[in-house]
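Below is one structure; the comments refer to it alone.
The values are calculated or read from the model by the stated rules, or taken from the named source; none is laboratory data. No experiment lies behind these values; they were computed from the predicted model shown. Positions of Cβ are generated from backbone atoms using ideal geometry, with glycine treated the same way; all protein chains shown enter the neighbour counts.
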Amino acid sequence: MRQIAAAASARSEFIAPGKTKNDWTKFAKLLVPGGDANVWAEAFNTYLLARLQSRYLRPIGMLRDKGKWEGEGFTIVSIQCALIEFLAATRAGKKYRHRNAQSPHEYQNSHKLFVDFLFQTAPFDKLFSEGDAGDFYTSVRCALLHEARTKDGWIIWVSGAVPVDCNKKIVYRDSFQTTIEGYINDYGLALTADASLQRAFIRKFNDLAA
């Protein structure tokens, strides 16, 4: 058992493609809130965007491209919900702690983080009121991740004129994906100039590299 534990602790853990925790620790020394926009663009592209593409965006694309419209929307939206929570936590610079979360940079219950992000952050704020975001969290996010289903009348379709119709309780998975990717691109641009986002980014990746 000791040998297994030692081997696990010694191996490199990649937090982005080709980037280990040690790589981040070295690179983070170059990051100054309010500093060089080009360095911040590199941080976004090399660490966050590359991480998202390899772990979330390309896998979702594979499901969409190779799917047969036979229920893979449940898998896609489940991944989208996990991605939304990560994006919300990155924007706020918060980390999840199972017990005894310490304010202001830790959270134990994802409800407030998830709901606030959807109804307060563009472009999702055009789709969700606070009540709608709460319903989505309970009946889509939690239902999918805990029960492998949607609840309270929510359904998943492939594409539509809007990403999410909260009145009809429909998630249009492909349109929603376009909205999520649009947010990621906008966040990347904002990160190069917004010192508060930059401080939060450093906190989040310091935690990922801990």
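Things worth noting here:
- Some residue of segment 81-96 being touching a residue at least 24 places away in the same chain (Cβ under 8 Å) and farther than 19 Å from TYR187 by Cβ: no
- Looking only at residues in segment 19-50 that are outside any helix (DSSP H, G or I) and crowded, with 17+ Cβ neighbours inside 10 Å, the one that is nearest to the chain's Cα centre (by Cα) is LYS19.
- Selection status of GLY153, of a type outside the set (A, V, I, L, M) and modelled with pLDDT under 95: no
- For segment 168-182, the condition of being surrounded by 14 or more Cβ atoms within 10 Å (Cβ to Cβ), part of a loop (DSSP other than H, G, I, E, B) and in contact with a strand residue (DSSP E or B) (Cβ under 8 Å, 6 or more places away or on another chain) holds for at least one residue.
- With respect to (1) at pLDDT 95 or above; (2) in a loop (DSSP other than H, G, I, E, B); (3) of a type outside the set (Ser, Thr, Tyr), the lone exception for GLY160 is condition (1).
- Screening PHE205 on (1) surrounded by fewer than 18 Cβ atoms within 10 Å (Cβ to Cβ); (2) in a helix (DSSP H, G or I); (3) not aliphatic (A, V, I, L, M) shows it passes everything except condition (1).
- Checking HIS105 against (1) of a type outside the set (A, V, I, L, M, F, W, C); (2) at pLDDT 95 or above; (3) under 23 Å from LEU48 (Cβ atoms), the condition it does not meet: (2)
- Extreme residue, farthest from the chain's Cα centre (by Cα), among residues of segment 126-184 that are basic (Lys, Arg) and within 16 Å of THR75 (Cβ to Cβ): ARG149
- For LYS126, the conditions (1) of a type in the set (Lys, Arg); (2) closer than 20 Å to ASN167 by Cα; (3) buried (at least 18 other Cβ atoms within 10 Å of the Cβ) all hold with the exception of (3).
- Scope segment 39-67; condition without any contact (Cβ under 8 Å) to a residue 40 or more places away in the chain and of a type in the set (S, T, N, Q); matching residues: THR46, GLN53, SER54
- Each residue in segment 168-210 was checked for being in contact with a Phe, Trp or Tyr (Cβ under 8 Å, 6 or more places away or on another chain), of a type in the set (Lys, Arg) and over 30 Å from ILE156 (Cα atoms), and 0 of them qualify.
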